[in-house]
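If you scroll down you'll find the structure; I have some questions about it.
The values are calculated or read from the model by the stated rules, or taken from the named source; none is laboratory data. The structure presented is a predicted model; accordingly, all values stated were derived computationally and were not measured. As a convention, Cβ positions derive from the backbone with ideal geometry for all residues, glycine included, and neighbour counts pool all protein chains shown.
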Amino acid sequence: MLKSSDWEGFRDPKKFWYTTYVSNRKKLAEEVENGFEYTKELEIIENLSPEWVNAMRDLYTPLRHLEYGENVQMQHVIRYAMGSTIEQCATFKAYDKTGRAQWILLWAMNM
C-alpha cells in the first residue's frame, strides 16, 4: 500500500501545468506536422517499393492500439490518484497517448 504524509506535496519536476503543457504540445504538434509535410515534399513514401510501404504499414499502424491501451491505463491511474498533482501528471500522459495514436493513424492514412 502506498503511504504519504502529504499527497498534495508532490510537484511535477518538468513543471508541466496546464499552460506549459499546452505550449509544449503545440510545439511538438507543429514539429510532427512539419515532418509529415517534409516527407510529402521529398516524396519519401512514393520512392519506397510497395513491399516496404506495406511492411511499414503492417508494422506501425497497429501501434495505435498500444497507445490507446496505455491511455486507458492512465485513465485508471487518474481515477484512483491520491492527489490532484499526481492525477494531473497522469492526465497529461493520457493526452499524450491519445495524440500519438492519432498521429500514427494519420501517418497510416497518408501512406
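Consider Lys40 carefully, then state whether it is loosely packed, with under 14 Cβ neighbours inside 10 Å, in contact (Cβ under 8 Å) with a residue 60 or more places away in the chain and among the charged types (D, E, K, R). Lay out the reasoning, then the answer.
On the way: loosely packed, with under 14 Cβ neighbours inside 10 Å: yes; in contact (Cβ under 8 Å) with a residue 60 or more places away in the chain: yes; among the charged types (D, E, K, R): yes.
It is true that Lys40 is loosely packed, with under 14 Cβ neighbours inside 10 Å, in contact (Cβ under 8 Å) with a residue 60 or more places away in the chain and among the charged types (D, E, K, R).
On to the next question. Here is a list of conditions, (1) of a type outside the set (Gly, Ala, Ser); (2) modelled with pLDDT of 90 or more; (3) at positive phi, and Lys15 meets all of them except one; can you say which number that is?
Of everything listed in (1) of a type outside the set (Gly, Ala, Ser); (2) modelled with pLDDT of 90 or more; (3) at positive phi, Lys15 misses just condition (2).
Any idea which of (1) exposed (fewer than 14 other Cβ atoms within 10 Å of the Cβ); (2) modelled with pLDDT of 90 or more is the one Glu67 doesn't satisfy?
That leaves (1) as the condition not met.
If you go through segment 43-64 one residue at a time, how many are surrounded by 12 or more Cβ atoms within 10 Å (Cβ to Cβ) and not in a helix (DSSP H, G or I)?
Total meeting the criteria: 3.
Answer with yes or no whether Glu70 is farther than 23 Å from Lys97 by Cα, assigned to a helix (DSSP H, G or I) and not basic (Lys, Arg). Break it down into steps so the answer makes sense when it comes.
Working: farther than 23 Å from Lys97 by Cα: no; assigned to a helix (DSSP H, G or I): yes; not basic (Lys, Arg): yes.
So Glu70 fails the test.
Looking at (1) exposed (fewer than 15 other Cβ atoms within 10 Å of the Cβ); (2) on the phi < 0 side of the Ramachandran plot, which one does Lys97 not meet, given that it meets all the others?
Here Lys97 clears every test but (1).
Next up: Which of the residues spanning segment 49-83 are more than 13 Å from the chain's Cα centre (by Cα) and among the hydrophobic types (A, V, I, L, M, F, W, C)?
If the condition is that a residue be more than 13 Å from the chain's Cα centre (by Cα) and among the hydrophobic types (A, V, I, L, M, F, W, C), then Trp52, Val53, Ala55, Met56, Leu59, Val77, Ile78, Ala81, Met82 are the ones that fit.
Scan segment 2-31 and report the pairs whose first residue is within 17 Å of Gly99 (Cα to Cα) and assigned to a loop (DSSP other than H, G, I, E, B) and whose second residue is at pLDDT 90 or above and acidic (Asp, Glu), with Cβ atoms within less than 8 Å and a gap of 6+ or a chain change.
none
Out of curiosity, is Tyr21 modelled with pLDDT under 90 and either closer than 15 Å to Met109 by Cα or within 19 Å of the chain's Cα centre (by Cα) (or both)?
Numbers: modelled with pLDDT under 90: yes; either closer than 15 Å to Met109 by Cα or within 19 Å of the chain's Cα centre (by Cα) (or both): yes.
Yes.
Next question, about the same structure. Quickly run through segment 78-98 and pick out the residues that are more than 19 Å from Tyr21 (Cα to Cα) and assigned to a helix (DSSP H, G or I). Full working, then the answer.
Within segment 78-98, the subset more than 19 Å from Tyr21 (Cα to Cα) is 79-82.
Hits for segment 78-98 are Arg79, Tyr80.
Please go through segment 22-47 and give me each residue that is under 14 Å from Tyr95 (Cβ atoms) and β-branched (Val, Ile, Thr), ordered by number.
Narrowing segment 22-47 to residues under 14 Å from Tyr95 (Cβ atoms): 22-26, 28-29.
Selection gives Val22 alone.
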